[in-house]
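Below: the structure, in structure tokens.
The values are calculated or read from the model by the stated rules, or taken from the named source; none is laboratory data. Worth saying up front: this structure is predicted, and the values here are computed from it rather than measured. FYI the Cβ positions are ideal-geometry reconstructions off the backbone, even for glycines, and counts take in every protein chain you see.
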Amino acid sequence: MEAAASSAARPSVRGATIDLLRDRGMTTIFGNPGSTELGLLADLPQDFSYVMALHESVAVAMADGYAQATGRPAFVNLHSACGVGNAMGAVVNAFHNRAPLVITGGNQDRRHLALEPYLFARAVELMAPYVKRSEQPARAQDVPAAIARAWALAQTRPYGPVFVSVPADDWNEAADGGWTARPRGEMHGAASPGREALDELAARLAAEDEVAIVVGGGVDRDGAWAEVTRLAELLDAPVWAAPQSPRLGFPEDHPLYRGHLAPGYATAAGQLAGAGLAIVIGAPVFSFLPYEPGERVMPDIVHLTDDPDEAARAPSRLSLVGDVRAIAAALVGRLQERPRVRGAAARGRGAAPRVRPAAPEPREPISPAFLMATLAGAMPADAVLVEEAPSHRNDLRRHLWITRPESFFASASGGLGFAMPAAVGIALARPDRPVVCLVGDGSALFAPQALWSAAQLRVPVTFVVSDNARYAILESVAAFGGMTGVPSLELPGVDLVAMAKSYGCPATRVDDPGKLADAIETAITRGGPMLIDVAVDRSVPPLLPSSPAA
């Protein structure tokens, strides 16, 4: 009897993991349950919440948005084999988005893995290219240690997802002889390059006649808006958003802001013409879409990033690797104390306030530009915009300006299916801010199951669909490349309103421009999710902006 009592009192791997997740602040679990994961999920403690998704990619994308909005690792639990496969597109997005995720995936019972039974998974190999570490612990007792390491690695620069495969029977094994829970502690890395490198760069900046600044998602991720804005003002430097930037790092109503760099070399080089030096802060150099060669030469590049791999592949004259906010603050301190060596006459000119473009005319069918201008007027100042409408980004950027930190999220990889579930995750993380999700109709069809999660969770997300009944971005790419006769670019017969309602999400269709503003404002203030399907002009927009400031 004593032996039996002692055995019953022994902590299990599952119990040790629950304690670990609680200690690390990961009591929200995103997932779609499967048979190989039930050992973790059964009798989930009351202080844990399970955020259910109807598809594994939706679970990962919701966690992606949640992690980015909180700045802390989020926990995802995936099903074995095909469940992990279903999630891979969203994992690729999370990898490029630098989302700190701890992802676990079930595997078959360890006792017959050698036979490769039904639901056997090669998930470690499948995940490996797009996570910071991928492992299946050698013993059940090592599972908590692997998850603890995943939590630490996910939030170590550069941030990103980490994967742990857990055989189904591991959860019930005794935890003794394995990892012992330790306090979470703190982790510190090198925050800034050395003094000499910073002194050298500050001297170069002070001496340069014309400096341009290109900001990326790392500025927003590191909370460096104020430092980068001050740096731009000290240099009187025009500021551009990096091509395809998944987050914004500079107020778009600032007089020094010039817009987004085009996602093509020749056009972007033209936008930066006249600058002798460009400082790229918190972004790759550069994330172009089409191959667009040109004779114009880019200015010398100085690259400030927290990712040594990103720095290694950048065509830059100088790369400083570290905390973006700390580097920008160090440069600001040096420039405030350093007299201008050259270019003083050229600088200090000041910049005229940005002028908003004229409001587009209301007409039928509704123009994408009118949709974007109307959305800009209807959104509250503290709203968060989650975007996946690639066909209409030029119109979006002209008419809707982001002016606050942590107010814009998109996918850095180009993979569709991010925005709708990410908006749900962001709304869970930031219930104090209204969330608007702008998607194309083609994008909406990649993760419509997110509407069910939004309805079940009753999160206040307004889904605005720019519906041109086609994959217009692909038509733009085809036109840019001189290709014709590409099949399957139209999307006839899709009823997005009926689809949303079938998931329990209220929805309406708007084709009258006079009713658009009221529909958006009503949706934002109603206190729960709603989808607005906006019938827009089906004209194919140009792939690259025609205006340097677009």
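Looking at Arg110, is it over 19 Å from the mean Cα position of the chain (by Cα) and in the same structural domain as Gln141 (by TED's automatic domain parsing)? Spell out the reasoning first.
On the way: over 19 Å from the mean Cα position of the chain (by Cα): yes; in the same structural domain as Gln141 (by TED's automatic domain parsing): yes.
Criteria met by Arg110.
Could you tell me whether Ser476 is surrounded by 17 or more Cβ atoms within 10 Å (Cβ to Cβ) and in contact with a strand residue (DSSP E or B) (Cβ under 9 Å, 6 or more places away or on another chain)? Explain how you work it out, then say what you get.
Numbers: surrounded by 17 or more Cβ atoms within 10 Å (Cβ to Cβ): yes; in contact with a strand residue (DSSP E or B) (Cβ under 9 Å, 6 or more places away or on another chain): no.
The answer is no for Ser476.
Which count do you get for residues in the range 392-417 that are in a helix (DSSP H, G or I) and acidic (Asp, Glu)? Steps first, please.
Taking the range 392-417 as the starting set, the residues that turn out to be in a helix (DSSP H, G or I) are 392-399.
Then keep just the ones that are acidic (Asp, Glu); that gives 395.
Here the count works out to 1.
Would you check which residues across the range 301-317 are crowded, with 17+ Cβ neighbours inside 10 Å and outside any loop (DSSP other than H, G, I, E, B) and list them?
Filtering the range 301-317 down to residues crowded, with 17+ Cβ neighbours inside 10 Å leaves 301-307, 310-311, 314, 316.
Of everything in the range 301-317, those that are crowded, with 17+ Cβ neighbours inside 10 Å and outside any loop (DSSP other than H, G, I, E, B) turn out to be Ile301, Val302, His303, Leu304, Thr305, Glu310, Ala311.
Of (1) among the aliphatic types (A, V, I, L, M); (2) within 19 Å of Ala444 (Cα to Cα); (3) free of Cβ contacts under 8 Å to residues at least 12 places away in the same chain, Met483 satisfies all except one. Which?
(2)
Could you tell me how many of the residues in the range 248-285 are closer than 23 Å to Ser391 by Cβ and without any contact (Cβ under 8 Å) to a residue 24 or more places away in the chain?
Qualifying residue count for the region: 0.
Can you tell me which condition Glu252 does not meet? The list is (1) among the charged types (D, E, K, R); (2) over 29 Å from Ala69 (Cβ atoms); (3) assigned to a loop (DSSP other than H, G, I, E, B), and all the others hold.
Of (1) among the charged types (D, E, K, R); (2) over 29 Å from Ala69 (Cβ atoms); (3) assigned to a loop (DSSP other than H, G, I, E, B), only one is false for Glu252: (2).
Go through the residues of the range 463-475 one by one and say whether even a single one is of a type in the set (Val, Ile, Thr), closer than 27 Å to Val51 by Cβ and either in contact (Cβ under 8 Å) with a residue 40 or more places away in the chain or touching a helix residue (DSSP H, G or I) at 6+ places or on another chain (Cβ under 9 Å) (or both).
yes
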